[in-house]
């Protein structure tokens with residue numbers, strides 16, 4: 001299946017869950033080389049485990065460690081494709097240096113990142129629209145067609161092909 005079809009299939013499932021519950025939890029949809037597919041959450045309780053050992057870490061360090069754990073898991077489990085999705089904050093045209101979750105002009109989205117070992121990486125987002133006294137809903141999916149995708153979620157798999 002082409003990576004864009006995978007992205008669209010995962011997005012349909014996210015929309016269905018969001019429509020039922022008004023939220024989604026961060027998850028990975030994983031496809032192994034042998035064709036097995038499963039859904040799993042990102043690593044949990046990293047901060048508590050480190051605190052129990054007397055190690056203090058920032059939220060950014062926890063996120064980086066979580067991604068490192070997943071990258072190693074993907075390698076050992078022979079993962080060839082995955083999707084990651086989570087609710088997130090973004091700020092368009094931000095120049096202030098304020099973190100998105102603290103910015104007064106932030107927008108709430110569902111971030112969707114899909115990666116395939118041969119077809120590269122694609123990212124998309126769906127705006128979360130929350131109106132007082134109404135059930136939240138999602139805006140149309142916007143696919144990031146730029147070939148310059150970067151960040152924590154880029155490159156969890158070794159690429160054999162090009163970014164689409």
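Tabulated values for the structure
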{"quantity": "The listed residue being without any contact (Cβ under 8 Å) to a residue 24 or more places away in the chain and under 17 Å from the mean Cα position of the chain (by Cα), out of 102, 108", "calculated": "108"}
{"quantity": "Filter result for residue 22 (closer than 30 Å to residue 131 by Cβ, modelled with pLDDT of 90 or more and surrounded by fewer than 16 Cβ atoms within 10 Å (Cβ to Cβ))", "calculated": "yes"}
{"quantity": "Leading residue by the ranking (farthest from residue 66 (Cα to Cα)) among those in region 25-40 that are surrounded by 10 or more Cβ atoms within 10 Å (Cβ to Cβ) and out of contact with any strand residue (DSSP E or B) (no Cβ under 6 Å at 6 or more places or on another chain)", "calculated": "36"}
{"quantity": "Residue check for residue 60: surrounded by 12 or more Cβ atoms within 10 Å (Cβ to Cβ), without any contact (Cβ under 8 Å) to a residue 60 or more places away in the chain and farther than 30 Å from residue 1 by Cα", "calculated": "no"}
{"quantity": "Unique match (being modelled with pLDDT under 80, touching a strand residue (DSSP E or B) at 6+ places or on another chain (Cβ under 7 Å) and surrounded by fewer than 13 Cβ atoms within 10 Å (Cβ to Cβ)) among 147, 101", "calculated": "101"}
{"quantity": "Filtered residue count, region 41-88, keeping only those that are assigned to a helix (DSSP H, G or I) and under 26 Å from residue 14 (Cα atoms)", "calculated": "17"}
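The values are calculated or read from the model by the stated rules, or taken from the named source; none is laboratory data. What you are looking at is a predicted structure, and each value in this text was computed from that prediction instead of being measured. All Cβ positions, glycine included, derive from the backbone under ideal geometry; neighbour counts span all protein chains shown.
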